[in-house]
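Contents: one structure, followed by commentary.
The values are calculated or read from the model by the stated rules, or taken from the named source; none is laboratory data. No experiment lies behind these values; they were computed from the predicted model shown. So basically every Cβ, Gly included, is an ideal-geometry build from the backbone, and we count neighbours across all protein chains shown.
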Amino acid sequence: MAILIKSLVQIFLLHVYGHCFLLFFTNAQTASTNTGSKFDKLILFGDSYSDVGNIYSITNHTWPPSPSYNGRYSDGPIWPDYLMARLNLSGVENYAFGSATLDMNLIKGVTGPNNNINVPGVVQQVNKFCSLQRGTDLSNLLASIWIIGNDYLYSNYTIDPQQIISILGQCIGQLYNTGIRYFLIPNLFNITLLPVSQYSKQIPSQSQQVLTMHNNLLQQLIANFSDDHADATIYSFDTDSFLRYFKESLANESGIDNFVEPCYADYKNSSSVCSNSRKYMFWDWLNLESKVHFSISAAFERVIAGESWRM
């Protein structure tokens with residue numbers, strides 16, 4: 001399976017992005033062999049930035065709709081696909097769902113053409129994963145918990161970041177108690193980077209304050225957890241800084257020149273898709289184009305190797 005995924009990713013890169021990106025991928029993947037040897041699988045918890053097909057499956061392959069790529073909220077593979085190939089992992093276990101919140105019992109996440117499909121939150125995703133483990137050795141798994149802030153979006157930024165971070169900490173602790181020892185936890189990026197913020201008057205002025213508080217509390221949580229659990233490793237990632245860095249330093253060499261508009265503006269109207277998604281940073285109003293996911297996977301790989309994510 002890992003060989004198949006790696007081959008499919010290489011074919012996609014060659015067909016869509018050309019030899020330059022394929023060469024970059026091949027060189028990076030070869031250099032990552034030692035890095036990836038400590039992990040066997042990648043376990044995904046989160047929302048549309050990590051979902052590699054769960055929403056697509058429960059909607060009978062109708063959402064996200066074509067031409068989204070194989071159930072991803074993008075025009076091609078997303079970061080788990082790329083990272084799996086980079087680190088030579090044997091597989092990915094996907095518990096992430098597009099539109100997920102942290103806890104569906106606190107703030108409900110919904111999706112689908114009519115926004116009437118309830119989505120398991122990260123709490124529910126973690127509960128399901130842990131319930132399936134019976135004496136299994138999980139010490140060689142890498143668990144990712146990546147939320148992009150749906151809790152804040154859906155609550156119009158009224159939810160307290162302290163409550164969100166507290167719940168996130170409980171999820172990390174539950175996974176640790178079940179046997180997970182390696183975690184990948186990106187922080188939040190500023191909502192103003194997203195196309196939805198350019199055309200919505202509903203983004204409150206306190207969004208930046210909430211972002212800062214969330215990320216500061218997350219950093220403190222990770223530090224405290226690491227101090228209390230010497231046998232655990234948490235790879236933190238500054239998503240906000242990375243996306244700004246990508247926009248300022250990497251976008252030109254990747255051919256992207258549109259940073260404010262979505263390529264796929266209306267999921268209910270396939271004619272709304274742009275003619276060349278490779279020139280866009282964002283696939284839709286919230287989600288990234290595949291090339292950006294590719295760069296994120298490269299940055300994740302560097303962080304896991306103990307290096308700076310700057311390329």
Exercise for review: Filter region 131-152 for residues that are in contact with a helix residue (DSSP H, G or I) (Cβ under 9 Å, 6 or more places away or on another chain) and crowded, with 21+ Cβ neighbours inside 10 Å and give the result.
Suggested key: 142, 143, 144, 145, 146, 147, 148, 149, 151, 152
**Study point:** Every pair of residues 6+ apart whose Cβ atoms lie under 8 Å, when the first sits in region 270-292 and is touching a residue at least 12 places away in the same chain (Cβ under 8 Å) and in a strand (DSSP E or B) while the second is crowded, with 24+ Cβ neighbours inside 10 Å and of a type in the set (Gly, Ala, Ser)
**Key:** 288/74
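Does region 174-182 contain any residue that is of a type in the set (S, T, N, Q), within 23 Å of residue 265 (Cα to Cα) and over 17 Å from the mean Cα position of the chain (by Cα)?
Let us first name the residues in region 174-182 that are of a type in the set (S, T, N, Q), namely 174, 177-178.
Filter once more, keeping what is within 23 Å of residue 265 (Cα to Cα): none.
So far as region 174-182 goes, no, none of its residues is of a type in the set (S, T, N, Q), within 23 Å of residue 265 (Cα to Cα) and over 17 Å from the mean Cα position of the chain (by Cα).
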Revision key, fill the gap. Within region 189-209, restricting to residues that are under 25 Å from residue 123 (Cβ atoms) and surrounded by 21 or more Cβ atoms within 10 Å (Cβ to Cβ), the one that is modelled with the lowest pLDDT is 191
Check your understanding: So which residues in region 234-273 are closer than 16 Å to residue 187 by Cα, surrounded by fewer than 15 Cβ atoms within 10 Å (Cβ to Cβ) and either of a type in the set (S, T, N, Q) or modelled with pLDDT of 95 or more (or both), if there are any at all?
Key -> 241
Check your understanding: With respect to residue 266, is the statement that it is within 22 Å of residue 203 (Cα to Cα) and not hydrophobic (A, V, I, L, M, F, W, C) true?
Key -> yes
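Considering every residue within region 295-306, establish whether at least one is among the aliphatic types (A, V, I, L, M) and over 18 Å from residue 144 (Cα atoms). Step through it out loud before you land on a result.
As a first pass, look at region 295-306 and keep what is among the aliphatic types (A, V, I, L, M): 296, 298-299, 303-305.
Restricting the remaining residues to those that are over 18 Å from residue 144 (Cα atoms) gives none.
No: zero hits.
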Review point. If you go through region 29-59, how many residues are assigned to a loop (DSSP other than H, G, I, E, B), polar (S, T, N, Q) and at pLDDT 95 or above?
Key: 3
Practice item. Determine the pairs where a residue that is among the β-branched types (Val, Ile, Thr), located within region 116-136, has a partner that is in a loop (DSSP other than H, G, I, E, B) with Cβ atoms under 6 Å apart, the partner being 6 or more residues away or on another chain. Key: 119/97; 119/99; 119/100; 122/102; 123/103
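Just a yes or no: is a residue in region 281-304 more than 23 Å from residue 65 (Cα to Cα), among the basic types (Lys, Arg) and at pLDDT below 95?
Checked region 281-304: no residue is more than 23 Å from residue 65 (Cα to Cα), among the basic types (Lys, Arg) and at pLDDT below 95.
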